[in-house]
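Structure record follows, encoded as structure tokens.
What follows is calculated from the coordinates using simple rules that are stated; it is not laboratory data. Quick caveat, the model's predicted, so the values are computed rather than measured. Counting neighbours? That spans all protein chains shown, and the Cβs are built from the backbone with ideal geometry, glycine included.
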Amino acid sequence: MTTLAPAQPPSDDSAAGTAMVDIRRLEKRFGSAVALHPTDLVVRQGEFFSLLGPSGCGKTTLLRMIGGFEQPTSGDIVIAGESVVHLSPAKRRTNMVFQHLALFPHMSIRENIAFGLEMKRVPAATVRSKVDDALAMVRMESFADRPVEALSGGQKQRIAIARALVNEPAVLLLDEPLSALDLQLRIQMQSELRRIQRSTRSTFIFVTHDQEEAMTMSDRIAVLQAGHIVQMGTPRQIYHRPESRFVAEFIGHSNFLPGTVTGLGVGGEVRLEHRGVSYDAISHRPLSLGDEVSVALRYEAISVLPGTDTRGLPATLELATFAGPTIRLDLRLENDVSIKAETPASNEPPDLSPGARFRVDWAPTTALVVGE
Amino acid sequence: MSAVAATGSAPVARSTFIRSPFRASGWQVVLRGYIGLFLVFLYGPLVVLFVLSFNDSDTIGLPFRGFTLRWYTGLVHQRDILLALGNSILLGVAVAVLSCLLALTMALGFRATFSGKPLLLQIILLPVIIPGVVGGIMLLIFLGYLGFPFGLFTSILVAQATYVMPFAFLTLYPRIQGFDKSLEEAAQDLGAEGLVLFRRIVLPIIMPGILATTIFCFTLSFDEFIRSVFVVGQDATMPLLLWSVITQNAEPYIPAVGVLNIAVSAVTSIIGFALAARAARQPR
Ligand SMILES: Nc1ncnc2c1ncn2[C@@H]1O[C@H](COP(=O)(O)OP(=O)(O)OP(=O)(O)O)[C@@H](O)[C@H]1O
Ligand SMILES: [Mg+2]
């Protein structure tokens, strides 16, 4: 039996840097329902770490356990070397930016930001200067004495971040803080958050269900599915090396092509066949000849060539959809498998009528054999 | 030319599309009559009372024999009236504060989940459905057995507070139930716990509700009669005194006392609304 050695993933997932949050076999059940299966996770000092996953996968539950708002069923949470599971939120060196911000409506902006420091009995003069610094950091100096309701959504957002960060938490927890904002503001706040995180060098744990947001902002991402972390790594690793069909589906847009293994190379190259059509892919896991597999292939990894070209596989156009910067082409291969491709609008083929003949090609390294 | 034609055709179109089953004019007369009667019975007595309180006549009633303020100025010498007014106000404040505090603590307790919660809720609200007369008799018997002293700040306070408290609970509970829990979590996150959290975050935010409830309780107490009458001791409240005056001999100053009572209620409500509005704007 021919078995292929898996290609080694780049090893920056191992614990380089000091661990700021160390989560050990952490589990949460609500009655009989499991919100988080026993999970291990290390977030490093100064890292922008995202928890990414679809609704109900347990992101908020995990974040709230770190913040102390939810008691774990079992397992341990160590923050800056100290186990915190027995500590109340008030005693933890974490601060949270809540999804709906939870600014205190009866206080001015300055009072909101000062609240945490007051609770720690910081002298008034220090409070004042720290609040000023925090306001400057989120570029809201001129709003200090306004009431909360006199702010726009994005401004409230900044105040919520300032209110948390002014306490210089060891870890800042953010639960989908941008989800209520419109797209424009969201993109602006994303880079703002990133800037703040870089300048304060603090550790951020950021919950989102938006893969693009996680991608653009994070140093590392943990993808959650039904209470499990199914993959953890840098945005590039997650994008280029999805380890399961779920991750490939969740991150970006992928085709899933069926195939039987008919040939194996030493570097993980795989030759596949499906109803008379053969194509190349790559595998990072051991495979044997005759295995039935599924190959993830991103829409944008496919080059659409004229029907007269000799490279790639012949395909028939079924539908072309204009999407601004790109054109989405729904094609059908000769083995009756449908395949979608995304091509820059600047590269628009002249004939986009249904039935038009094309050829589709891709670099074998972009076609990834994925487990289910 | 065409504009004239267009405006000319509009009423025709309207009359064909909107056809009332009633003759519009007849229906409107009925409606107006109904509203008129409603207003007469709502405000008529008030106007009559007001007019009579200035009537220069030794018997209560019309005709109007001339304007006088003597029923009002004369009240200064009616010691029992002034005393009853003072009693009612003091008692009202005591009842309002007591029942509001009780209702507040209960409403706060009700945020937790515990077994038997629905049953306890029913028990708390039970006094609302007990008829006043029955409630009064029950208290009379019960307090009598206990040898409880009958008096303003003893038996009447108990009678009124037990009656008013469920109402206070009913107005406070939804406000506290609807309190945004994430505000408390945010405060905990920032280091506030226990009483500090309650005083700095929860209390200021629910304060308008508490004020409005207190005022509401005061007005309930201020004209509570049926329960109080069963457990009255030496001192009378305003409604009790008025009752005894009117059943013995209808003194001509009674309309003036009535207006005075209305004034107290009105002023309380206005203060209450003003406070609540201000608290909502700037609670600190
Ligand atoms: N207090 C609770 N009681 C019972 N079940 C809960 C509770 N909180 C969360 N769950 C369940 O735990 C699971 C994970 O919930 P969680 O809120 O962590 O999801 P999420 O990933 O944050 O989703 P979303 O993106 O929708 O916010 C869900 O199935 C949810 O129904
Ligand atoms: Mg959530």
Between the modelled labels at residue A:262 and residue B:113 (7 Å from Cα along Cα→Cβ) the distance in nm is 5.8 nm
R0 of 41 Å, Cβ-Cβ distance residue B:203-residue B:60: FRET efficiency to nearest 0.05 = 0.30
For peptide A:107-120, compute the average count of partner chain beta-carbon atoms within 10 Å of each residue's beta-carbon.
-> 3
If we count other beta carbons within 10 Å of each Cβ, what is the order of B:243, A:362, fewest first?
-> B:243, A:362
List the residues of segment A:261-304 whose backbone N lies under 11 Å from a point placed 7 Å from the Cα of residue A:245 along the Cα-to-Cβ direction.
-> A:293-296
For residue A:197, the net charge from surrounding residues (Cβ-Cβ under 10 Å; K, R +1; D, E -1) works out to +1
Positive-pole candidate from A:122, A:90, A:283, dipole of chain A, charges at beta carbon | A:122
Here the net charge surrounding residue A:297, from other residues whose Cβ is less than 13 Å away from its Cβ (Lys, Arg +1; Asp, Glu -1), is -2
Given a Förster distance of 45 angstrom, what is the FRET efficiency for residue A:316 paired with residue A:180, based on the Cβ-Cβ distance and rounded to 0.05?
-> 0.55
Have a look at B:166, B:252, B:45 and tell me which one the Gaussian network model of chain B (Cα, springs below 10 Å) gives the largest fluctuation.
-> B:45
Average Cα contact separation per residue, segment B:76-281, under 8 Å, 6 or more apart, as relative contact order % = 35 percent
In the Gaussian network model of chain A, springs joining C-alpha atoms below 10 Å, which of A:244, A:303, A:199 carries the largest mean-square fluctuation?
-> A:199
Starting from the Cα of residue A:284, step 7 Å along the direction of its Cβ; do the same at residue B:275; then give the gap between the two resulting points in nm.
-> 6.7 nm
If one builds a Gaussian network model of chain B from Cα atoms under 10 Å apart, the most fluctuating residue listed among B:83, B:101, B:197 is B:197
Under the definition of Cα pairs under 8 Å and six or more residues apart, what whole-number percent is the relative contact order of chain A?
-> 18 percent
Given the protein assembly as shown, what percent of its DSSP beta bridges are antiparallel, to the nearest 5?
-> 75 percent
Once the dipole of segment A:215-310 is set up with Lys and Arg at +1 and Asp and Glu at -1 on Cβ about the Cα centre, which of A:228, A:247, A:262 lies farthest towards its positive end?
-> A:228
Kindly provide the trypsin sites (Lys or Arg not before Pro) of segment A:117-210 that DSSP labels as loop, not H, G, I, E or B, and whose Cβ sees at most 15 other Cβ atoms within 10 Å.
-> A:120, A:121, A:139, A:201
Once both labels are modelled 7 Å past Cα along the beta-carbon direction, what's the residue B:83-residue A:330 spacing in nm?
-> 9.2 nm
Net charge of neighbours whose Cβ lies under 12 Å from the Cβ of residue B:92, counting Lys and Arg as +1 and Asp and Glu as -1 | -2
Fewest-first sequence of A:217, A:96 by Cβ atoms within 10 Å of each Cβ | A:217, A:96
Shielding by partners - mean other protein chain Cβ count within 10 Å, residues of A:89-101 | 4
Calculated over the protein assembly as shown: convex hull of Cα atoms, volume per residue (Å³) | 333 Å³
Using the beta-carbon distance between residue A:82 and residue B:97 and R0 = 41 Å, what value does 1/(1 + (r/R0)^6) give for FRET efficiency, to the nearest 0.05?
-> 0.35
Reachable lysines from residue A:28, criterion Cα separation under 25 angstrom, eight or more residues apart if same chain = A:59, A:91, B:181
Relative contact order (percent) for segment A:253-370, with alpha-carbon contacts under 8 angstrom and 6 or more residues of separation?
-> 31 percent
